[in-house]
Amino acid sequence: MTTVTSTRATYHQANKSLPAKEAFTWLKEGWQLFVKAPFKLMGLSFVTLLAAGLIQALAGPIGLSISKWVGPLLAAVMWLAIANLAENNKVRLSGGTLRSWTNVALWSLTGPVIAWIQFQIGAMLMGADSVAALANGVVVDVPAWKVGLMMGSATPINLLLLFVPMLLILKHRSIPASFTNSIAAVVGAYKPMLIIGALIFLTVALAPYTFALSGLVFGPIVSCMCFVAYQRLFR
C-alpha cells in the first residue's frame with residue numbers, strides 16, 4: 001500500500017511540475033501525428049459531424065437528445081482512429097472490447113446533460129425562444145458571438161472529462177475510475193491543460209463564423225494534440 005501511494009504521489013507531483021509551454025510540445029507532436037494521415041482524419045471528422053447533424057435533424061426533441069448522446073460516442077471513434085494511427089501508422093476503427101464500448105455508451109449519456117447546461121447558458125445570452133429555434137435547426141437573427149459562446153461554454157466540463165473515453169477504450173478502466181483519473185490528470189497538469197482548453201474553446205466557438213470549418217479542420221489537429229497529452233500523462 002505504501003508503494004502504491006508513493007507511486008501515485010510521485011505521478012501527481014510530476015504532472016504538477018509540467019510548465020505551460022509543455023502544451024506547445026504536445027501541439028508540435030500532435031501536428032506530426034496529424035500529418036501522417038490528414039485527409040483521412042479530416043474525412044472522419046466530417047463524417048462524425050455529418051452523422052451528428054443528420055441525427056439532430058430528426059423531428060422533435062428526440063433527434064436532438066439522441067444526437068447529443070451519439071456525439072461522445074463518435075468522438076470516441078475519433079480517439080480510437082488516432083490511437084491506431086499513433087501505434088500502427090494506420091487509421092483504423094478497430095479496438096476496444098464489448099465491455100469498454102458499453103461503458104463508452106453509458107458515459108455518453110453525459111452528452112445530453114452537458115448540452116442542457118449549454119442551452120441554459122444560451123437562454124441567458126439569447127433568450128429561451130432563440131435557443132429553442134436554434135436547437136430545431138431554425139435560422140435565428142442573433143449575434144454569432146453569442147452562439148459561439150454558448151457552444152464553447154461546455155469547454156471546462158469537457159476538458160475535465162477529456163481523457164475518459166481513452167481510458168475506457170484503451171486502458172479498459174471502469175467509468176468511475178476513468179472519471180476520477182481524467183479529472184485528476186487535468187487538474188494535476190493544469191498549466192498546459194489550460195492552453196489545450198483554450199484551443200478547444202476557440203475551435204468550437206469559431207464554428208458560427210466558419211460554417212463549422214474550424215471543427216472540421218482544426219478539430220482533428222487539436223484531437224491529435226490531446227492524444228499526445230494523454231500519452232504523456234498516462235504512461
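Shown here are the Rg and Dmax of the Cα trace of region 29-233, at 16.6, 49 Å.
The C-alpha atoms of the chain define a longest principal axis, and helix 22-34 lies at about 70 degrees to it. For the chain, the longest principal axis of the alpha carbon atoms and the long axis of helix 98-107 meet at an angle near 50°. Sorted ascending by nearby beta carbons within 10 Å, beginning with the fewest, Tyr209, Tyr230 become Tyr209, Tyr230. Ordered by the number of other Cβ atoms lying within 10 Å of each residue's own Cβ, fewest first, Phe163, Phe201, Phe234 fall into the sequence Phe234, Phe201, Phe163.
With neighbours defined as other Cβ atoms within 10 Å of a residue's Cβ, the residues Asp141, Asp129 order from fewest to most as Asp141, Asp129.
Axis of helix 190-205 versus longest Cα principal axis of the chain: the two differ by about 20°, to the nearest ten degrees.
Since every read-out is calculated from the coordinates, none of them should be taken as a lab result. Values in this document were obtained by computation on a predicted structure and should not be read as measured data. Cβ coordinates were reconstructed from backbone atoms using ideal geometry, including for glycine residues, and neighbour counts include every protein chain displayed.
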